[in-house]
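Below: one structure, written as structure tokens.
The values are calculated or read from the model by the stated rules, or taken from the named source; none is laboratory data. Computed from a prediction, not measured in an experiment: that's the story for all the values here. Here Cβ is always computed from backbone atoms with ideal geometry, including for glycine, and neighbour counts include all displayed protein chains. When the accessible area is computed, the model is the full protein with side chains, heavy atoms only, and any ligands, DNA or RNA have been set aside. Shrake-Rupley method; radii C 1.70, N 1.55, O 1.52, S 1.80 Å.
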Amino acid sequence: MAAPIESLLNEICESEDPIEELKSLRTAVLATPVSGLRQAVSGARLEIIFGLLNTNDKEQIEVCVEILSRVLQALEPIQLAQNYKTALQSGLNHPNDSVKVLTLTQMGRVAGHAEGVSQMLNSAEILCDVIECISVERIAVAKEAIAALSKLSNTKAGLDVLFHSDLLNKMKDVMLTSDIIRYRVYELIVEVSTVSPVSLDYCANSGLISQMLEELTGDDVLVRATAIEMVTNLAQSQHGRQYLAQQGIMDKISNMINIFGAHNYLKLKTYLNEGPYYINAVSSVITEGAD
């Protein structure tokens with residue numbers, strides 16, 4: 001299958017309107033097992049497909065995304081980081097959200113790889129673009145960005161880059177976009193914090209956890225309820241519970257529930273599951289406490 005794929009890439013390169021050739025290539029790569037693709041795309045000129053993403057033709061973009069989604073699975077994360085750094089950065093800034101999701105998925109693979117993560121940590125500009133993707137309206141894009149940054153934080157080097165550099169300021173700037181985006185960043189902070197006591201210390205020292213906890217006493221009831229959701233997620237880890245207990249937060253939440261009333265919290269639970277904050281419903285633990 002290597003020869004047909006290379007041949008199709010050559011045809012695409014020579015065509016002024018390559019949509020039919022792209023569809024043939026899509027059929028070829030989807031018919032080839034990932035293990036077979038590994039050899040087929042070794043040294044292949046995938047930059048041709050990346051380049052064809054630079055169009056306003058939605059069909060062409062869709063076909064290219066399908067091809068790359070399949071083909072890039074056959075590459076090792078370190079290959080992505082070393083050979084397609086420029087293409088990946090372009091993908092992060094592409095106006096089409098499907099391209100962003102594709103790119104962020106691959107960035108997540110790189111962030112979860114021992115050698116790939118070191119390449120990623122040396123690219124502050126790319127990391128800034130990943131953080132910026134948290135503010136994209138489409139939730140699928142934001143989720144992939146959060147997942148990639150969370151994987152990056154599994155190493156001390158990753159924690160240092162995110163919380164001891166200008167990237168922390170970038171996160172804080174992104175939070176100013178809206179209430180929704182601010183809580184997406186809180187979601188990232190909670191995910192990182194639950195990994196280990198060390199990661200929790202990094203997040204606490206950044207000031208973002210204390211900022212999140214201050215939301216518990218805000219004037220907006222929905223914002224307060226969303227803050228409770230975040231805090232509840234943080235409490236899923238033992239070190240998270242210990243931290244919250246030391247801050248006196250669990251007692252504060254219990255008092256809020258008693259004051260607000262069970263009936264209103266049930267209504268909030270339904271609203272938050274469907275409303276504009278794009279988060280899960282307030283946890284059953286909170287609801288049970290309100291009964």
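Things worth noting here:
- Selection of the range 146-166 for residues being out of contact with any Ser or Thr (no Cβ under 9 Å at 6 or more places or on another chain) and within 25 Å of SER98 (Cα to Cα) yields ILE146, LEU149, SER150, LYS151, LEU152.
- Residue check for LEU88: crowded, with 22+ Cβ neighbours inside 10 Å, hydrophobic (A, V, I, L, M, F, W, C) and over 26 Å from GLU16 (Cβ atoms): yes
- Residues (out of contact with any helix residue (DSSP H, G or I) (no Cβ under 7 Å at 6 or more places or on another chain) and surrounded by 13 or more Cβ atoms within 10 Å (Cβ to Cβ)) located in the range 11-26: none
- Check on GLU66, open to solvent by 40 Å² or more (accessible area, probe 1.4 Å), among the charged types (D, E, K, R) and under 17 Å from LEU8 (Cβ atoms): yes
- In the range 136-179, the qualifying residues are those that are hydroxyl-bearing (Ser, Thr, Tyr) and open to solvent by 30 Å² or more (accessible area, probe 1.4 Å), and the one that is nearest to LEU222 (Cα to Cα) is SER178.
- Consider the range 211-250 and keep the residues that are polar (S, T, N, Q) and either touching a residue at least 12 places away in the same chain (Cβ under 8 Å) or farther than 25 Å from LEU159 by Cα (or both). The one that is most open to solvent (accessible area, probe 1.4 Å) is GLN236.
- Meets criteria (exposed (fewer than 15 other Cβ atoms within 10 Å of the Cβ) and of a type in the set (Val, Ile, Thr)) for VAL185: no
- Within the range 55-88, the set of residues being over 20 Å from GLU115 (Cβ atoms) and without any contact (Cβ under 8 Å) to a residue 12 or more places away in the chain comprises THR55, ASN56.
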